[in-house]
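Trainee: Okay, handing you the structure first.
The values are calculated or read from the model by the stated rules, or taken from the named source; none is laboratory data. Worth saying up front: this structure is predicted, and the values here are computed from it rather than measured. Cβ sites come from the backbone with ideal geometry, for glycine too, and all protein chains shown count toward neighbours. Heads up: the accessible areas ignore ligands, DNA and RNA and are worked out on the full protein's heavy atoms, side chains in. Shrake-Rupley method; radii C 1.70, N 1.55, O 1.52, S 1.80 Å.
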Amino acid sequence: MQPPESPSAGRAEVRIVAASPEAARQVAAVLRRCFAATEQRSYPAGAEGGTRLHLTVDTTHTAGPARSWLAASRSSGHPAQTDEV
């Protein structure tokens, strides 16, 4: 099995795992309000039930509400948290 390809610059692969398809769709809808995104793809999450949803977001094309938040976070100059990977 080959490792998955990395997304191109400015894009992020998002994986959502939720107990129900509706919960996963709600999270994807919020992301789409902030970023341009591809069509979502959903799959069963496993034997226990649930849904796994995949989509790609374009972080170079943000929507209005995300734009100010992203600009503030990029210019803050704060170092990464020590527990961040």
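Trainee: Count, please, the residues in region 39-48 that happen to be touching a residue at least 12 places away in the same chain (Cβ under 8 Å) and closer than 27 Å to GLY10 by Cβ.
Mentor: 4
Trainee: Might you let me know whether region 49-61 holds any residue that is within 18 Å of GLY10 (Cβ to Cβ), at pLDDT 60 or above, open to solvent by less than 40 Å² (accessible area, probe 1.4 Å) and of a type in the set (S, T, N, Q)?
Mentor: yes
Trainee: Need the failing condition index for ALA29 against (1) open to solvent by less than 40 Å² (accessible area, probe 1.4 Å); (2) under 19 Å from THR62 (Cβ atoms); (3) touching a strand residue (DSSP E or B) at 6+ places or on another chain (Cβ under 9 Å), just the number.
Mentor: All conditions pass for ALA29, except number (3).
Trainee: Suppose we keep only residues that are among the small types (Gly, Ala, Ser) and surrounded by fewer than 17 Cβ atoms within 10 Å (Cβ to Cβ) within region 36-48. Which one would you say is farthest from ARG25 (Cα to Cα)?
Mentor: Among those residues, the one meeting the criterion is ALA47.
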